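As structure tokens, the structure follows; a few thoughts come after it.
The values are calculated or read from the model by the stated rules, or taken from the named source; none is laboratory data. Everything quoted here is computed from the prediction, not taken from an experiment. As a convention, Cβ positions derive from the backbone with ideal geometry for all residues, glycine included, and neighbour counts pool all protein chains shown. Surface accessibility is based on the protein's heavy atoms, side chains included, excluding ligands, DNA and RNA. Shrake-Rupley method; radii C 1.70, N 1.55, O 1.52, S 1.80 Å.
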Amino acid sequence: MRLLDDEALERSSVVANNAMNRERGLDGVNSYARDLGLHPLERLRPRLVEHGAAAWLDLCCGQGRALVEAAGQAPDGLEIVGVDLVDHFDPRASVLNGLTLVTASIAQWQPDRAFDLITCVHGLHYVGDKLGVLARALTWLSPGGTFAAHLDLASIRLADGTPAARLVRRLLREAGVAYDARRRIVTRTGPAVLDLPLEYAGADDQAGPNYTGQPAVDSYYRPLRTGTRPEPTPPPRRSVLVDDRGVHVDSLEPIPWEDVYHASVSRFVVEIAGVDHIELTVDLVYGHYVTVLDSDEGFGAAVAEFARRSGRPSPDLSCLDAGHDGIELWRQQF
């Protein structure tokens, strides 16, 4: 397989795909509000009220239709910036105050200010170094600012072809970046330094369609081994407890049983990255999930309790095969 660098990738017909949805609006069926699960103007209004000014950056903005609509509705004090690789913007943009559309590669472009909202609606599907762009964009947030972008973890692989979705999901969680697996959206409140032990190796523009049905780009990374970077501070241990009230994770309010859909346990191994652990995954009825590692407090007891509640024997985790899909512990009966 031939991996492309950013320059070659940006000339690819996949990245310049004419069928790509570049006309998404602000509201309605085909809109930012629907796809992101948040309305940009509503998210920014409190900032405008409190400070009299706010800024929104949209990466891979397409024609900029949503930004044009927002600029037409927005109160004074809102600055909107859109960036896209293709110079094919809505002509109305040139006459609207507070709106700037930039033709540039988001892998290279650098703003000169912080933003209270940064979005990227389905744009990272066509970017080579997805994690690099994510890491850069998170540093552009203002304190309390919101980041929301579609990120398909199935399109991220290690250099040997190993799927890296579970590895990246864990690394994001440890860095304080949330990932909604159902909607494939990564979110963060406030700026962050995302220092992942992965080095970009190139992109495959022949990966085929992703979950959107459109041809997309797979991104490949080389793990950085111990000794090539300082050892990160281990994340604090989590705790888990399963009882009659529901599932307790850390000191948060318990997840009630009516919200728990499924529980399973699996072994996750990526030899090249030195990862080998067992995960308890609790899927929730509204699409989110919670993952607890075997190093976390209460892990074994939680696994046993889920199995007991479904009338199953507690699994022998020492025999769990990394190539196995996992062991179902409990499932809600509707």
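On a per residue basis, the chain carries 49 Å² of accessible surface, using protein heavy atoms and a 1.4 Å probe. Restricting the calculation to Cα atoms, every distinct pair contributes to the Kirkwood radius of the chain, found to be 21.7 Å. Taking the DSSP beta bridges with both ends in region 100-236, the antiparallel portion is around 65 percent. Inter-part distance, region 107-155 to region 274-306, computed on C-alpha centroids, equals 29 Å. Applying 0.36 nm per residue to the separation of THR100 and GLU174 and subtracting their alpha-carbon distance, the gain on full extension is 23.2 nm. In whole percent, how big is the carbon plus sulfur part of the accessible area of region 101-200, probe 1.4 Å, protein atoms only? Result for region 101-200: 49 percent of the exposed heavy-atom area is carbon or sulfur. For the peptides 127-133, 69-75, 1-7, the ranking by mean Cβ contacts within 10 Å, running from highest to lowest, is 127-133, 69-75, 1-7. For the residues CYS61, CYS120, CYS319, a GNM of the chain with alpha-carbon springs under 10 Å puts the largest fluctuation on CYS319. In the elastic network of the chain, a GNM with C-alpha springs shorter than 10 Å, the most mobile of ALA175, ALA148, ALA66 is ALA175.
Diffusion coefficient (Stokes-Einstein, Kirkwood radius over C-alpha pairs, 10 °C, 1.306 mPa s) for region 1-157: 99 µm²/s, rounded to a whole number.
When +1 charges are put on Lys and Arg Cβ atoms and -1 charges on Asp and Glu Cβ atoms, the dipole computed for region 81-211 relative to its Cα centre reaches about 540 debye. The charge dipole of the chain, taken about the Cα centre with unit charges on the Cβ atoms of Lys, Arg (+1) and Asp, Glu (-1), comes to about 180 debye, rounded to the nearest 20. Stretched out straight at 0.36 nm per residue, the stretch from GLU258 to ASP316 would grow longer than its current Cα-Cα span by 18.1 nm. Over all orientations, region 107-168 has a Cα convex hull whose mean projected area works out to 4.7 square nanometres. Within the accessible surface of region 24-99, defined with a 1.4 Å probe on protein heavy atoms only, the carbon and sulfur portion equals 47 percent.
For the chain, the share of DSSP beta bridges that are antiparallel, to the nearest 5, is 65%.
Highest mobility in the GNM of the chain, judged by mean-square fluctuation with C-alpha springs under 10 Å and restricted to GLU253, GLU174, GLU23, is found for GLU253.
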